[in-house]
Amino acid sequence: MSTPDKQLNPLCVGLLAPVELQKRGFLKRQIFTDLANRAFEPMPEGIKQIQPWCRWQGLSQYLDCLAFADRSAKEIPKGSALNLEHVTPGRFYSAGIIFFAHALVDNVAVWLCEAMSLSVAGGDRHFLSSRFKKELTKTQPAAAEELAKHDAFLREVNKYRQVWIHTISGGAIPLSDVSPFEHPDHAQKTLAVPIDPAIQPHLENWMDRAKQCANQNNGQCMYDIGDFTGRVFECATEFYCGWLRFALDHVS
């Protein structure tokens with residue numbers, strides 16, 4: 001590689017790892033350098049984008065939004081410092097991370113369909129489609145292992161999305177160990193995400209669902225908001241990097 005190419009490479013990698021991902025050290029990950037070598041070609045007048053690889057830049061932007069939601073959720077205060085003005089941001093970040101995760105997942109499926117010329121129609125271009133999985137593994141048997149690795153994450157994202165986007169606004173809800181109105185300075189307040197996405201205080205049967213959920217999860221029916229967004233981001237990162245590695249290794 002010539003000297004101009006070496007100088008250009010960090011710029012190419014930076015295009016594939018937006019700012020929030022850079023803050024988490026993603027520029028140092030070899031997989032982004034490998035992708036940059038496929039997605040861009042140095043030219044005397046600049047950079048030439050190479051299809052379909054340069055489209056992973058857009059997929060990275062979805063993951064970047066997940067990273068932002070996770071960081072922002074973790075910055076929301078707890079205890080006496082938590083107040084009503086934090087509830088909407090908490091709901092926004094915890095629900096938003098699910099919607100962006102779903103968008104990331106679906107767009108990776110679309111990329112694989114097009115890059116591998118899979119015989120899959122538009123409505124089946126998603127990872128929970130039996131048609132998609134059949135065609136993907138028929139074309140490249142190595143995909144079976146990657147599908148199994150991320151199955152639990154895919155089903156969890158779909159579970160939250162189906163409830164939150166179709167029936168209730170979803171996201172984190174405020175909790176307190178005592179009445180925050182009677183003991184505003186001592187209440188241990190926090191924002192939490194239900195393990196069962198249908199647990200919402202305004203619903204008539206929410207207490208019954210919460211008890212049932214706790215019985216099935218070692219007495220717990222809630223995730224701390226930061227734990228929830230952290231889990232989603234970590235699993236989404238493994239999903240993104242797993243399928244990108246698969247693509248780099250198996251898609252010509």
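The values are calculated or read from the model by the stated rules, or taken from the named source; none is laboratory data. Treat the numbers as computed from the prediction; the structure is a model and nothing was measured. So basically every Cβ, Gly included, is an ideal-geometry build from the backbone, and we count neighbours across all protein chains shown.
Where helices (runs of 4 or more DSSP H) fall wholly inside the stretch 58-174, the ranges with 2 or more residues that are touching a residue at least 12 places away in the same chain (Cβ under 8 Å), in contact with a Lys or Arg (Cβ under 7 Å, 6 or more places away or on another chain) and surrounded by 15 or more Cβ atoms within 10 Å (Cβ to Cβ) are 87-115.
Here residue 51 meets each of (1) polar (S, T, N, Q); (2) in a helix (DSSP H, G or I); (3) out of contact with any Gly (no Cβ under 6 Å at 6 or more places or on another chain) with one exception, condition (2). The set of residues in the stretch 224-252 being crowded, with 18+ Cβ neighbours inside 10 Å and within 15 Å of residue 192 (Cα to Cα) consists of 225, 226, 228, 229, 232. Take residue 19 and tell me if it is in contact (Cβ under 8 Å) with a residue 60 or more places away in the chain, of a type in the set (Val, Ile, Thr) and either out of contact with any Phe, Trp or Tyr (no Cβ under 6 Å at 6 or more places or on another chain) or surrounded by fewer than 14 Cβ atoms within 10 Å (Cβ to Cβ) (or both). No, not satisfied.
Checking each residue in the stretch 179-218 for being of a type outside the set (S, T, N, Q), outside any helix (DSSP H, G or I) and at pLDDT 90 or above picks out 191, 192, 193, 194, 195, 196, 197. For residue 247, are the conditions met, namely being assigned to a helix (DSSP H, G or I), aliphatic (A, V, I, L, M), in contact (Cβ under 8 Å) with a residue 12 or more places away in the chain and closer than 27 Å to residue 71 by Cα? Considered against the rule, which asks whether it is assigned to a helix (DSSP H, G or I), aliphatic (A, V, I, L, M), in contact (Cβ under 8 Å) with a residue 12 or more places away in the chain and closer than 27 Å to residue 71 by Cα, residue 247 comes out as no.
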